[in-house]
Amino acid sequence: MSTRTCPCGLPLSYDACCGRFHAGAAKAPTAELLMRSRYSAFVKGDTGYLLRTWHPRTRPERLDLDPRTRWTGLEILDGTDGSAFHSTGTVTFRASYRGGSLHERSRFERVDGAWVYVDGDFLE
Ligand SMILES: [Zn+2]
């Protein structure tokens, strides 16, 4: 994978993809793009973005990422609703890291027009 490719796996540069959401230049228009940008934020260690895109109801006080985790890829497996015309949605994904992977169905809601992460269920 080229260093110019966005960590979320879309064939775009980081700046043209999740980077513009991290920088606050744009808001993710769909639940899936928010999910992708949150994965990229884990890769980049951007805890500020992760907290900003967490529902106020479920957001932790603080977030400590393990800097030893080496994320290796994201696969979007399924999704429901979550488009510009919805106010809730789910995204099912597998996020891989060196030594394992995380399989989760995440719930998203729109708060003041912006998609935020609510919570998720681990699968299998
Ligand atoms: Zn991206």
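The values are calculated or read from the model by the stated rules, or taken from the named source; none is laboratory data. Just so you know, these numbers come straight off a predicted model, no measurement behind them. Here Cβ is always computed from backbone atoms with ideal geometry, including for glycine, and neighbour counts include all displayed protein chains. What goes into the accessible areas is simple: the full protein's heavy atoms, side chains included, and nothing from ligands, DNA or RNA. Shrake-Rupley method; radii C 1.70, N 1.55, O 1.52, S 1.80 Å.
Going highest first, how would you order 21-27, 104-110, 43-49 by mean Cβ packing within 10 Å?
Numbers: 21-27: 14.6, 104-110: 19.4, 43-49: 16.7.
Going by the mean number of other Cβ atoms within 10 Å, highest first, we get 104-110, 43-49, 21-27.
Spacing of the modelled spin labels on Leu12 and Arg62, each 7 Å from Cα toward Cβ, amounts to 3.4 nm. Reducing segment 92-124 and segment 1-72 to their Cα centroids gives an inter-centroid distance of 12 Å.
Taken per residue, the accessible surface of segment 18-122 reaches 56 Å², heavy atoms only and a 1.4 Å probe. Inter-label distance, Ala25 to His103: 3.7 nm, where each label sits 7 Å from its Cα along the C-beta direction. The alpha-carbon positions of the chain define a convex hull whose volume is 108 Å³ per residue.
Dipole magnitude for the chain: computed about the Cα centre from +1 point charges on Lys and Arg Cβ and -1 point charges on Asp and Glu Cβ, it is near 380 debye. Packing here is the average count of other Cβ atoms within 10 Å per residue, and on that basis the peptides 30-40, 91-101, highest first, run 30-40, 91-101. A crude spin-label estimate for the pair Val111 and His86, with each label 7 Å from Cα along the Cβ direction, gives 1.9 nm. Of the accessible area of segment 18-122, computed with a 1.4 Å probe over protein heavy atoms only, carbon and sulfur atoms account for 48 percent.
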